[in-house]
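The values are calculated or read from the model by the stated rules, or taken from the named source; none is laboratory data. As the structure is a computational prediction, the values presented were derived from the model and not from experiment. With ideal geometry, Cβ positions are generated from the backbone for all residues, glycine too; neighbour counts draw on all protein chains shown. Surface areas here come from the heavy atoms of the whole protein model, side chains and all, with no ligands, DNA or RNA. Shrake-Rupley method; radii C 1.70, N 1.55, O 1.52, S 1.80 Å.
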Amino acid sequence: MSDPLVVAEGVEKLFGPQIVLKGVSLTVAPREVVCIIGPSGSGKSTFLRCINHLERIDAGTLEVDGELVGYRRAGDRLHELRPHEVASRRAKIGMVFQRFNLFPHLTVAENVVEAPCRVLKRPKREVVAEAETLLERVGLAAKRDAYPASLSGGQQQRVAIARALAMRPRLMLFDEPTSALDPELVGEVLQVMRGLAEDGMTMIVVTHEMGFAREVADRVCFMDDGCVVEEGPPRQVLGDPRHPRTAAFLSKVL
């Protein structure tokens, strides 16, 4: 078996006196799709943000592709990396947010090209050609010269996915990527994500789309009150949950 791509051990996160993550541990293998479900306020999005060091953790460790995220180890102590070092390690992690966060003054193609050129220092001609392929992949090649304000929410989210993929990440994180969309636009974004899963992209997806989790996930994790309460194959967690809290949550959403 290959080494895990993501290893979280005993991750804790505090916001002031509030403990948001209470010793979360999770291992994700290469090419695995893990969906994290649970009620609002359970720590799902915070955990995702900790994985790529958008939030600093207060205890525990997080590794992606064999490296600590945001820290270096010296003996028994962890020391936070400099911002440019964090950015270098974060480059292997793509993240898609609830809100699309596109640059409004840049065209669709320019949004996709910006980070690989500026952060990875890749040749622009090479990046532009790759961006064309990515926009074709998400069904938006015809919108390459459009500005974000002229796109639907679903189209903007697909551009955000293409932008994340342009960094050639080893891992993709999705933080409720369809929650801000009108219901009729959800399917087009989920279809792109299905394609990524079929292509073997390692993905951690915080979602309320139980159908997607049932169909695409290799494993489902249910979080509540800052803890992983239950995890397992979708058929077991969604169809025959073993923990009463999981069952109570699913009875309200399925």
- Item | C-alpha center-to-center spacing [the range 149-164, the range 6-72] in angstrom | 26 Å
- Round to the nearest 10 and report in Å² the accessible area of Leu151, as given by a 1.4 Å probe over the protein chains' heavy atoms. 20 Å²
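To the nearest 20 Debye, how big is the dipole of the chain about its Cα centre, given +1 on the beta carbon of each Lys and Arg and -1 on that of each Asp and Glu?
Using Cβ point charges on Lys, Arg, Asp and Glu, the chain gives about 580 debye.
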- Query: On average, how much accessible surface per residue is there in the chain, in Å², for a 1.4 Å probe, leaving out ligands, DNA and RNA?
  - Reply: 48 Å²
- Farthest toward positive dipole pole in the chain [+1 Lys/Arg, -1 Asp/Glu at C-beta], among Ser251, Gly70, Gln236: Gly70
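For His105, His208, His79, write out the residues from largest to smallest accessible area, computed with a 1.4 angstrom probe and no ligands counted.
Details: His105 125, His208 90, His79 65 Å².
I get His105, His208, His79, largest accessible area first.
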- Task: Find how many whole Å separate the alpha carbon centroid of the range 171-205 from the alpha carbon centroid of the range 224-254.
- Result: 21 Å
- Query: Along the Cα-to-C-beta direction of Arg245, a point sits 7 Å from the Cα; which residues of the range 1-29 have their amide N less than 14 Å from that point?
  - Reply: 19-25
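Please label the shape of the chain as rounded, prolate or oblate, based on the square roots a ≥ b ≥ c of the eigenvalues of the alpha-carbon gyration tensor (a/c under 1.5 means rounded; beyond that, a/b larger than b/c means prolate, else oblate). Please list the in-between numbers first.
Working: a/c = 1.85, a/b = 1.22, b/c = 1.52.
Note, shape of the chain comes out oblate.
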- Query: Protein chains only, probe 1.4 Å: how do Lys13, Lys92 rank by accessible area, largest first?
  - Reply: Lys92, Lys13
- Ser152 - accessible surface, heavy atoms, 1.4 Å probe, Å² rounded to 10: 40 Å²
- Looking at the square roots a ≥ b ≥ c of the eigenvalues of the Cα gyration tensor of the range 9-158, which shape do they give, rounded for a/c under 1.5, prolate if a/b is larger than b/c, or oblate? prolate
- Query: In the chain, what percentage of the DSSP-assigned beta bridges are antiparallel, given to the nearest 5?
  - Reply: 60 percent
- Surface accessible to a 1.4 Å probe, Glu67 within the full protein complex, Å²: 70 Å²
- Task: Let me know the charge dipole size of the range 171-254 about its Cα centre in debye, to the nearest 20, where only the beta-carbon of Lys, Arg (+1) and Asp, Glu (-1) is charged.
- Result: 360 debye
